[in-house]
Amino acid sequence: MMTIDWHKNPLIPAIAQEHDSNEILMLAYMNEEAYNLTLSTGYAHYFSRSKQRIWKKGESSGHTQEVKDILLDCDADTVILKVKQNGVACHTGRKSCFFTSVMQEKEILDKTVDTDAIYGVVDTLYHTILERKNASKEQKSWTKKLLDDKDLMLSKIREEAEEVCDAIDHESDEQVIYESADLLYHTLVGLGYRDISPDRVKQELARRFGMSGIEEKESRQK
């Protein structure tokens, strides 16, 4: 029986694939401990290279992966996890991490790409925040400082919320806009701290203010 040589390959790629549709969901990494935990618990565990620790998929979001089978490649240095994905696999709120088609965008590769136009300023800012989060401690920035100091981050969110209230009550439209932008930025930092994509906030807003949600609210008021 082929087995993994963990001395030769202490960290191996692990591809999560939906067991019934064969959709590729995500790529992560496993060390021996994560692999054994996956086998013993029946739920996908990985090794975080950035945090240098074992993590269970869905440990904070609840979007766990129930492992139905594990396939080992011919060199015994890569695995495919055939899983039942509960919820979504990607931190952006999408089912799969693989949603960008390179071939479809090939025609614009030689042009200047306006990422704000493609993703929207909120999504672009959020992904910049995630880049700061994963940056080394030597790379100093205000965003990195907030992410590394939870108490400071929370105090800034409270402070900016209060300034928005004051601006709405007393200040000009321009000041309301300025303070609201500050609050939105610091809130996005908080979402980044928790690895919660703004897409999930948009989904919640859509759920609340979609036609069915409005009709439900109106019916309760009658």
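Figure legend. Inter-residue proximity from the stretch 47-71: first residues among the small types (G, A, S), second residues part of a loop (DSSP other than H, G, I, E, B), beta-carbon distance below 6 Å, spacing 6+ or different chains. Indicated pairs: S50/N134; G58/T64.
If the condition is being polar (S, T, N, Q) and either part of a helix (DSSP H, G or I) or more than 18 Å from H91 (Cβ to Cβ) (or both), then the stretch 25-53 contributes N31, N36, T38, S40, T41, Q52. In the stretch 182-203 there is at least one residue matching the filter, namely being in contact (Cβ under 8 Å) with a residue 60 or more places away in the chain and of a type in the set (D, E). Filtering the stretch 189-202 to residues that are within 21 Å of E59 (Cα to Cα) and assigned to a helix (DSSP H, G or I) leaves V189, G190, L191, G192, Y193, P198, D199, R200, V201. Among the numbered conditions (1) at pLDDT 95 or above; (2) hydrophobic (A, V, I, L, M, F, W, C); (3) closer than 29 Å to K133 by Cβ, the only one that L71 does not meet is (3).
If you go through the stretch 76-85 one residue at a time, do you hit one that is free of Cβ contacts under 8 Å to residues at least 24 places away in the same chain and either β-branched (V, I, T) or outside any strand (DSSP E or B) (or both)? Checked against the condition, which is being free of Cβ contacts under 8 Å to residues at least 24 places away in the same chain and either β-branched (V, I, T) or outside any strand (DSSP E or B) (or both), the stretch 76-85 yields no hits at all.
Sub-9 Å Cβ pairs linking a first residue in the stretch 23-35 that is at pLDDT 95 or above to a second residue that is in a helix (DSSP H, G or I), at least 6 apart or interchain, are A28/A34; M30/T38, ordered by first then second residue.
Within the stretch 152-166, the presence of a residue that is of a type in the set (V, I, T) and at pLDDT below 95 is excluded.
The values are calculated or read from the model by the stated rules, or taken from the named source; none is laboratory data. Small disclaimer: the values here were computed from a predicted structure and weren't measured. Positions of Cβ are generated from backbone atoms using ideal geometry, with glycine treated the same way; all protein chains shown enter the neighbour counts.
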